[in-house]
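Enquirer: Following this message is one structure expressed as structure tokens.
Each reported figure results from applying straightforward, stated rules to the coordinates on display, with no laboratory input. This one's a predicted model, so the numbers in the text were calculated from it and none came from an experiment. As a convention, Cβ positions derive from the backbone with ideal geometry for all residues, glycine included, and neighbour counts pool all protein chains shown.
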């Protein structure tokens with residue numbers, strides 16, 4: 001490594017470029033309809049609409065059709081279920097994502113598990129998630145953020161087997177599935193969270209430290225060893241001198257002076273998440289072409 | 001605790017006694033058919049036939065009907081799938097277990113995922129397993145060995161939240177789902193396995209140590225701290241002076257002198273596994289009564 005910054009944005013760009021070529025190539029035959037991604041967005045939370053905008057733009061750049069289903073905060077659960085059932089059988093849709101979180105009156109698991117695992121490009125149906133975690137099973141799609149982290153480590157030739165991987169945070173989108181992937185890649189894996197006593201004891205032991213706690217400045221220089229590779233998955237929007245800035249969960253400036261590798265925020269794990277989502281959509285699309 | 005031995009057999013006996021009373025009570029109305037457990041056994045591996053014998057005997061004692069489907073080692077996969085499909089809709093069967101391992105020509109996940117999650121009393125379908133691991137979802141049935149471990153800790157008032165739980169071994173039957181349960185119970189959780197370097201570093205940090213590695217004598221006195229609670233999930237059959245004896249993965253005699261708590265082998269975790277299986281069957285049976 002000539003620098004210790006793990007540039008997720010660069011890798012993401014090259015993955016997206018490659019996907020674009022794949023789509024163009026298959027499309028040029030004139031035989032296939034384009035890949036399609038449908039999203040369901042409920043309400044107008046600023047984070048959710050921002051993420052959707054980013055995903056939509058990335059799809060546009062690649063030639064992936066986007067089908068947006070946007071609902072009022074007050075939408076009835078049955079309406080979402082009916083929408084997903086239609087998307088399950090819609091041949092122009094190869095992937096469906098439900099932008100989370102959903103409002104409290106909606107049963108998130110019921111909604112997501114209505115989705116056929118074959119179009120579950122976020123990897124969040126119970127059956128895909130079970131297959132992700134189980135030793136000798138594999139999901140149809142891996143959740144995008146954790147598989148993006150693994151791809152980033154691979155790209156920078158960071159070995160995982162035999163390492164101590166410590167994950168801080170245990171969300172279904174990041175911490176839990178990433179811990180499962182570290183375990184499958186033969187790392188000794190520890191999950192820390194808000195109940196963890198002496199967090200620094202675990203982070204100091206980490207060869208690979210992944211942080212998805214949503215707490216700016218949680219991980220400081222004194223909490224890690226110099227050989228450590230850090231994946232900062234936190235995305236926190238802070239107001240600094242009147243401006244909105246995005247920061248992760250780690251003290252990037254302090255840590256980059258001492259560790260072997262660290263992802264920046266922005267331009268680290270975030271872009272990898274989007275690249276993996278689109279990769280999943282293209283994989284799903286290609287499988288319908290192969291099977292047809 | 002007056003003794004530091006965690007007596008799984010005693011707790012198991014009292015759970016089974018309680019289940020027996022529940023069955024008798026509901027049966028005494030004359031309105032309900034008895035609970036039924038079907039098993040699928042392929043081949044005649046000595047371990048597998050022994051486990052089936054133990055489960056069958058426990059069912060007989062409780063008044064649970066047992067439906068045995070035993071196949072030659074060479075059975076075709078489709079035959080097992082057809083059998084499970086019939087059991088899925090058989091109203092006298094409330095739980096189905098597939099005794100593992102299956103022969104190499106059978107795709108284990110395909111067989112198990114043919115089973116409806118509503119009768120998956122081993123908790124091993126992908127969707128039940130995903131719901132076990134995910135933060136805000138719950139499976140219809142928990143895998144029997146890990147939930148038996150949790151029940152045993154509860155019975156002995158061993159707190160889990162905030163503790164460092166270390167699991168050695170990562171099978172789908174024991175290590176992985178137990179780690180998920182420790183995490184859900186708010187322990188900081190580490191999974192160790194054959195790739196782990198410096199195993200003793202992790203075991204020495206453990207407040208709760210669960211061992212399911214299948215290696216007799218793996219955990220010794222020097223590897224743990226005195227406050228540690230040990231769950232020995234290993235079941236190894238050894239020949240000692242011409243006799244077959246069952247031993248766990250821990251040096252029980254040495255460890256019981258120093259630790260806060262330890263399960264013996266036999267009569268520790270093993271009987272809890274069977275009690276939890278039968279509890280799952282009775283839960284499934286009762287749900288059909290409630291829903292009818």
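Enquirer: Please work out the ratio of the alpha-carbon Rg of region B:34-118 to 2.2 N^0.38 Å and round it to two decimals.
Expert: 1.05
Enquirer: Now, a different point. Put a point 7 Å out from Cα along the line to Cβ at residue A:54; what are the distances to that point in the other copies, in nm, shortest first?
Expert: In ascending order, 5.0 nm.
Enquirer: Right, here's the next one. Could you work out how far apart the two model spin labels at residue A:70 and residue A:200 are, taking each label as a point 7 Å from the Cα in the direction of the beta carbon, and quote it in nm?
Expert: Reported label-point gap for residue A:70 and residue A:200 is 4.7 nm.
Enquirer: Run through the other copies and list how far each one's label point is from that of residue B:221, in nm with one decimal, shortest first; the point sits 7 Å from Cα along Cα-Cβ.
Expert: Computed spacing set for this position: 4.5 nm.
Enquirer: Of A:273, A:190, how do they rank once you tally other Cβ atoms within 10 Å and put the fewest first?
Expert: A:273, A:190
Enquirer: For the pair residue A:291 and residue B:88, how long in nm is the line joining their label points, each one 7 Å along Cα→Cβ?
Expert: Placing both labels 7 Å along Cα→Cβ, they lie 1.7 nm apart.
Enquirer: Rounded to two decimal places and with Rh computed the Kirkwood way over Cα pairs, what is Rg over Rh for the protein assembly as shown?
Expert: My calculation puts Rg/Rh at 0.99.
Enquirer: Turning to a different aspect of this structure: Modelled label-to-label distance, residue B:138 and residue B:116, 7 Å Cα→beta-carbon offset: nm?
Expert: According to this spin-label approximation, the distance is 2.2 nm.
Enquirer: Let me ask something else about it. Of all DSSP beta bridges in the protein assembly as shown, what percent run antiparallel (nearest 5)?
Expert: Here the antiparallel bridges make up roughly 20 percent for the protein assembly as shown.
Enquirer: Here is a further query. What's the whole-number percent of alpha carbon pairs in chain A lying beyond 36 angstrom?
Expert: Roughly 16 percent, rounded to a whole number.
Enquirer: Per-residue mean of other chain beta-carbon atoms within 10 angstrom of the beta-carbon, peptide B:60-72?
Expert: That works out to 0 on average.
Enquirer: Further question: For region B:144-270, what proportion of DSSP beta bridges, expressed in % and rounded to the nearest 5, is antiparallel?
Expert: Among the beta bridges of region B:144-270, antiparallel pairing accounts for roughly 25 percent.
Enquirer: At residue B:157, label 7 Å along Cα→Cβ: distances to the other copies, nm, ascending?
Expert: When each copy's label point is compared with this one, the spacings are 5.8 nm.
Enquirer: Another question, if that's okay. Taking the Cα of residue A:54, stepping 7 Å toward and past its beta carbon, and measuring to each backbone N in region A:136-151: which are under 20 Å?
Expert: Label zone hits: A:142-151.
Enquirer: Quick one: if the Förster radius is 51 Å, what FRET efficiency do residue A:25 and residue B:26 give, using the C-beta to C-beta distance and rounding to 0.05?
Expert: Step by step, r from the Cβ atoms, then E = 0.20.
Enquirer: Would you calculate a helix-derived [θ] at 222 nm for chain A, using -39,500 (n - 2.57) for each DSSP H run of n ≥ 4 and dividing by the full residue count, to the nearest 500?
Expert: -13000 deg cm²/dmol
Enquirer: Calculated FRET efficiency, residue A:10 and residue A:161, Cβ-Cβ r, R0 30 Å, to nearest 0.05?
Expert: 0.75
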